[in-house]
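Each remark here refers to the structure printed beneath this line.
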Amino acid sequence: MKSRIYIYIAGTLLLIFLVLQCSGCSGIQKVTDTITNPTAREIYKREFRDNEQVYNNWQAAYQTALTDSTTVSLPYVEKGKFSTDINEVYTYDITLEEGEVLIAEVIKDSSTQRVFIEVLGSDTTKPEKAEINRTQIKYIPDATGTYKVIIQPEIAADTPFTISIYKRPQYSFPVAGKGNADVGSFWGMERDGGKRRHEGIDIFAKKGTPVVAATDGFITYTGERGLGGKQVWLRDGMFGKSLYYAHLDSIAVQGSATVKTGDTLGFVGNTGNARFTPPHLHFGIYTGRGAVNPLPFVFKTNKPEASGFTFNYTALQLKTKATANLRQGPSTSFNTIGQLTANDTIQLLGQHHDWLHIITRNGKKAFLHKSLAREIK
């Protein structure tokens, strides 16, 4: 037994010695990375051992971007061109609700040039999720709040791009053939003269319309009781959320059954306290914190069509035509965060419809209407 311990200690010391002597060897580096778990940025830094200042400038641009406050509404598409002349960092503050899935995509003409994509929450010192050299990142927030999407091309990237940021529901719609327009009663509406609040949404459909599993899971209860009448409870995983289907006309599954998304659980009705209302499904979601708004979990959304967006500029250096307001986002509905005078020089990052994503000479990022700027010929 002691000999095995000695062999283990000797092997560990040998490994440490080899790491110290050969930090550039790929095999040893992989072993070291397994232990230290470096970030994608730390790994990228190794490519600049002979010119660390280049990397440091690139990383400094990222650190500055953590405080940028440009805001966009989803879905959002921006087209532009990554330039070797500047260290571009694209930052977008967005609002996500619990139940939504964030998707950020970067499509480039050059597949060899890498892009770092990150999603950050309130703690901007640590990404919630990060990807490198992927065209897409998906992120499911734990709670409703403001999140920051950061997109940074690798050093000296030089390629046209399209950024698409959008969201989709975490679950499928729970009534077959129905959608957003069929939701007729929403979360939080008054019930019983204000004595209680609606802990779900009502989806109206003809009696007998199939009610389906919005996600994979297993049935924890079926039966008829209380205000919900005939009902089914579906659990999303062993410790996941509980999905509540109420007022059913009839039930099509047995308790403890395992189901897949789209499987029929029952049929729309008006049992329980809904007997005097048109047939509908009361759909609710419960967590360890209690009931949560189920609408974001099932509200159908479409991916934006990038073909409907253009980038009309050959030069990335622009000048303002007149006094121009800078906006926090690409619309006059966003706050004014600054102002430029005529002939101020700006750097163009990208274009969203008629709005330009720009950097001012003092490093401020904002949006400017394209009618207020011209290319420097």
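Among the protein heavy atoms of the chain, carbon and sulfur supply 51% of the accessible surface, probe 1.4 Å, non-protein parts ignored. Mind running the shape call on region 223-330? Use the C-alpha gyration tensor, a ≥ b ≥ c as the square roots of the eigenvalues: rounded below 1.5 for a/c, prolate if a/b tops b/c, oblate otherwise. Prolate, because a/c is 1.5 or more and a/b exceeds b/c. Placing dummy labels 7 Å off each Cα toward the beta-carbon, the span from TYR62 to ASN325 is 3.6 nm. Which angle from 0 to 90°, rounded to the nearest 10, does the C-alpha axis of helix 2-21 make with the longest principal axis of the chain? It is inclined by approximately 50 degrees.
The residues of the chain expose, per residue, 51 Å² of accessible area to a 1.4 Å probe.
Protection proxy ranking of 277-288, 55-66, 360-371, by the mean of other Cβ atoms within 10 Å over each peptide's residues and highest first, is 277-288, 360-371, 55-66.
Per residue, the chain reaches -4500 deg cm²/dmol at 222 nm when only DSSP H runs of four or more residues are counted, each adding -39500 (n - 2.57).
The values are calculated or read from the model by the stated rules, or taken from the named source; none is laboratory data. All values derive from a computational prediction rather than experimental measurement. Every residue, glycine as well, gets a Cβ built from its backbone with ideal geometry; the counts of neighbours run over all protein chains shown. All accessible areas refer to the heavy atoms of the entire protein, side chains included, with ligands and DNA or RNA removed. Shrake-Rupley method; radii C 1.70, N 1.55, O 1.52, S 1.80 Å.
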